[in-house]
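Peer 1: Before I ask anything, let me first share the structure, which is written out below as structure tokens.
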Amino acid sequence: MCATCGCDTGATITMHEHGHQHDHSDHHLHEHSHKKVVDVEQDILHENNLLAERNRGYFDAKNILALNLVSSPGSGKTSLLEKTLTDLKGDLNFAVIEGDQQTTNDADRIHATGTKVVQINTGKGCHLDAHMVLHAVQGMKPVQDSVLFIENVGNLVCPAMFDLGEKERVVIISVTEGDDKPLKYPDMFHSSTLCIINKTDLLPYVPFDIEKVKANAKKINPALEIIELSCTSGEGLTTWYNWLKLKAVAAMPA
Amino acid sequence: MHELSVVMSIVDIALEQAAKKDAVIIDEIELDIGCLSTIEMNAFEFAWKQGVKRTILERAVKKVNRIKGKGHCSDCDHTFELENLYDACPFCGGYLIGITAGKELRVKSLVVS
Ligand SMILES: Nc1nc2c(ncn2[C@@H]2O[C@H](COP(=O)(O)OP(=O)(O)O)[C@@H](O)[C@H]2O)c(=O)[nH]1
Ligand SMILES: [Mg+2]
Ligand SMILES: [Zn+2]
Ligand SMILES: [Zn+2]
Ligand SMILES: [Zn+2]
Ligand SMILES: [Zn+2]
Ligand SMILES: [Zn+2]
């Protein structure tokens with residue numbers, strides 16, 4: 001049990017078979033007479049979803065636009081953040097939560113841009129969950145009227161299942177990854193609101209059918225918005241910035 | 001391996017329910033796992049073996065109901081079986097499909113003693 005918020009951290013809990021109160025002489029009687037069927041009907045992700053709603057309520061109350069960035073390792077999540085935090089410094093207030101299994105490299109890269117950043121190391125865990133984000137947010141106290149980026153662990157499978165309380169889920173793929181990504185990882189594309197296709201500067205050098213990717217992504221999620229850009233050349237970044245500013249304005253009523 | 005976190009959540013739920021009923025052993029557990037729930041069953045079985053060790057579920061018999069995916073097409077109003085999230089509506093070929101079943105991830109019932 002977590003002392004701060006009363007939520008369960010999911011550690012292995014051991015129970016001794018004789019943990020309850022009764023005289024051992026009646027043990028056998030007890031064992032043979034006590035079988036009960038319990039109708040549970042409980043969502044397994046219930047705990048995560050409750051905490052996610054709690055995060056969402058906090059973000060809404062403080063006019064914080066929270067975005068969950070998901071991708072395979074190396075698609076360019078941190079690069080996109082570095083660019084964005086630097087280029088929009090004067091326009092918006094930012095805070096960043098960095099999810100990584102081991103290192104603090106990405107948090108160091110964000111820190112170098114002068115942005116408030118908290119690192120979550122998940123160890124063996126391959127995704128962030130709402131509980132981790134809750135504590136990260138308690139620690140960093142993002143300011144009112146700001147944009148909170150949450151960089152998830154690089155993985156296109158597991159993070160799809162865990163609502164963090166974000167407003168928008170942004171899935172990033174790069175043109176070096178093969179154009180069957182949406183069909184291989186449909187859940188991520190189904191649960192995202194924006195898809196960024198990064199590294200378009202490399203399009204002349206790789207066999208990546210960008211129209212096919214877009215069509216496949218739209219089959220899974222017809223409402224998905226798609227932005228093509230390159231963090232290296234800067235091409236398309238303005239479209240992303242405009243999208244972000246629009247969402248920020250909507251989250252921060254004057 | 002989000003399957004392991006799922007197993008740990010199941011252990012939590014089972015423990016909570018058992019405590020409510022003053023039970024110390026769970027003999028059976030019945031789960032609903034939808035075919036579109038992102039659970040990979042081989043990974044789940046592996047995670048189950050690891051995750052229930054030394055917990056109240058260690059010796060429980062596990063029954064899993066796989067629930068087939070179902071979609072409803074907003075274009076033509078048909079309902080149909082949906083195997084993949086990227087499948088088109090078999091009636092009109094459209095993709096504006098709402099998922100009506102297959103996302104389940106639920107502890108349905110327990111037998112405790
Ligand atoms: N050519 C090219 N390389 C990029 C681009 N964006 C990122 N990269 C490179 O891709 C690698 C992984 O980027 P990173 O931001 O760390 O990815 P993350 O794991 O998703 O956070 C780094 O070497 C980046 O320099 C891009 O637009 N074009
Ligand atoms: Mg990164
Ligand atoms: Zn906690
Ligand atoms: Zn006993
Ligand atoms: Zn996983
Ligand atoms: Zn995971
Ligand atoms: Zn149809």
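The values are calculated or read from the model by the stated rules, or taken from the named source; none is laboratory data. Just so it is clear, the structure is predicted and the values come from calculations on it, not from any experiment. Counting neighbours? That spans all protein chains shown, and the Cβs are built from the backbone with ideal geometry, glycine included. Note: areas computed on protein heavy atoms with side chains; ligands, DNA, RNA excluded. Shrake-Rupley method; radii C 1.70, N 1.55, O 1.52, S 1.80 Å.
Peer 1: Let me confirm one metric for peptide B:22-30, namely the mean number of other chain beta-carbon atoms within 10 Å of its residues' beta-carbons.
Peer 2: Going residue by residue through B:22-30 and averaging, the value is 4.
Peer 1: Using a Förster distance of 30 angstrom, determine the FRET efficiency expected from the C-beta separation of A:Val143 and B:Ile99, and round it to 0.05.
Peer 2: Plugging the Cβ-Cβ distance into 1/(1 + (r/R0)^6) gives 0.20.
Peer 1: Within 10 Å of each Cβ in peptide B:12-18, how many partner chain Cβ atoms are there on average? Round it to a whole number, please.
Peer 2: The mean count of partner-chain Cβ atoms within 10 Å per residue comes to 5.
Peer 1: Would you check the accessible area of A:Met132, probe 1.4 Å, heavy atoms only, in square angstrom rounded to 10?
Peer 2: 60
Peer 1: I'd like to know how the protein assembly as shown sits against the 2.2 N^0.38 Å rule of thumb: what's its Cα Rg over that expected value?
Peer 2: 1.10
Peer 1: How big is the A/B interface in buried accessible area, both sides summed, 1.4 Å probe, to the nearest 100 Å²?
Peer 2: Looking at A and B, the buried total is near 3700 Å².
Peer 1: With axes computed from alpha carbons, what is the tilt in degrees of helix A:77-87 against the longest principal axis of chain A, rounded to the nearest 10 within 0 to 90?
Peer 2: Its long axis makes an angle of about 50 degrees.
Peer 1: I'd like the orientation of helix A:210-220 relative to chain A: the angle between its Cα long axis and the longest Cα principal axis, in ° from 0 to 90, rounded to 10.
Peer 2: The angle comes out at about 30 degrees.
Peer 1: Report A:Lys167's accessible area, 1.4 Å probe, all protein chains in place, as a number in Å² to the nearest 10.
Peer 2: The value for A:Lys167 is about 120 Å².
Peer 1: To make sure I understand the rule: partners must be lysines, Cα under 27 Å from the Cα of A:Lys62, and not fewer than 8 residues away in the same chain. Which ones qualify?
Peer 2: A:Lys62 reaches A:Lys77, A:Lys83, A:Lys89, A:Lys116, A:Lys141, A:Lys167, A:Lys245, A:Lys247.
Peer 1: What is the calculated FRET efficiency for B:Cys76 to A:Trp243, with r their C-beta to C-beta distance and R₀ = 22 Å, to the nearest 0.05?
Peer 2: After rounding to 0.05, the efficiency reads 0.10.
Peer 1: Relative to the longest principal Cα axis of chain A, at what angle does helix A:237-251 sit, 0 to 90 degrees, rounded to 10?
Peer 2: 50
Peer 1: Return the carbon/sulfur percentage of the accessible area of chain A, one whole number, probe 1.4 Å, all protein chains in place.
Peer 2: For chain A, the apolar C and S fraction of the accessible surface comes to 52 percent.
Peer 1: Could you provide, to the nearest whole Å², the per residue accessible area of region B:1-105 with probe 1.4 Å?
Peer 2: Heavy-atom accessible area per residue stands at 49 Å².
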